[in-house]
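Working notes, beginning with the structure itself.
Every number in this text was worked out from the coordinates using simple rules, so none of it is lab data. This structure is a prediction, so every number in the text was calculated from the model and none was measured. All Cβ positions, even for glycine, are placed from backbone atoms using ideal geometry, and neighbour counts span all protein chains on display.
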Amino acid sequence: MAQSAVPVATTPRTIAVRARTVGMAAAAVLAIGLVWWAFSWASGMQPLAVGSFGIGAVRLPVAAPPPKFVDGPATYRWHLGGRYTVTLDLHNSASVPITVTGVGASPGGKFGGTIAGPRLQNATQNFELQPGPFRAVRIPADGERVIALIYSANPHVTCVNNVGAMSLTTVTVHFTTLGVFHDSQAVPLGSAAPVMTNRRC
């Protein structure tokens, strides 16, 4: 005697497949949202501040001393081969470590101004320059590290007869957050700012 086939219910399996699809889509949306939030948070940080600094000039005669009763830099006279070093003790105010990877070039060298650079150099906590090429500097959360900026008298600047000087009041520092997010910040140099007169004919 033949047995009749019993139909198999498919509704529970269909519901399970749909629930899994909806769950995967929700997880993907959540992951994208977290990445977007992390990128927005990381790119909006301005964690760097100058704790202290040191300056030094080589083969750059002083044209004018720092202004009296004002926190300002001295003015140096352009001289071929002269260089101006600023060592910055940078404080990281973020709650995560950052890594300093480089600095932006000043407009002087690019557009024919008197100041070229800076070239980034490693330095010790005693503001002494370390030899060799620059190595990325990791600054822990709420920590401090020293870097050195080496500016130079631009040898390609044209000479002029008018009195004037160029001042670089900030430096753009490039860094990564958590080794993933790349960003930059303009850091004020204050009274450590390099100021150099025009190259006189």
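Couple of notes before you dig in:
- Summing charges over all other residues whose Cβ lies under 11 Å from the Cβ of Tyr76, with Lys and Arg as +1 and Asp and Glu as -1, gives +3.
- Three-way shape call for region 47-197 based on the alpha-carbon gyration tensor, with the a/c threshold at 1.5: prolate
- Formal net charge of residues neighbouring Val160 (Cβ-Cβ distance under 15 Å; K, R +1; D, E -1): +3
- 3J(HN,Hα) couplings calculated from phi for region 136-153 with the Karplus curve 6.51 cos²θ - 1.76 cosθ + 1.60 (θ = phi - 60°) are, in sequence order, 3, 10, 8, 10, x, 4, 6, x, 9, 8, 10, 10, 10, 10, 10, 9, 9, 5 Hz; Gly and Pro show x.
- Ranking of Thr114, Thr101 by neighbouring Cβ atoms within 10 Å, starting from the fewest: Thr101, Thr114.
- The label-point distance for Arg18 and Gln46, in a model that sets each label 7 Å from Cα toward Cβ, rounds to 5.1 nm.
- Cα shape, region 120-193, gyration tensor, a/c 1.5 rule: prolate
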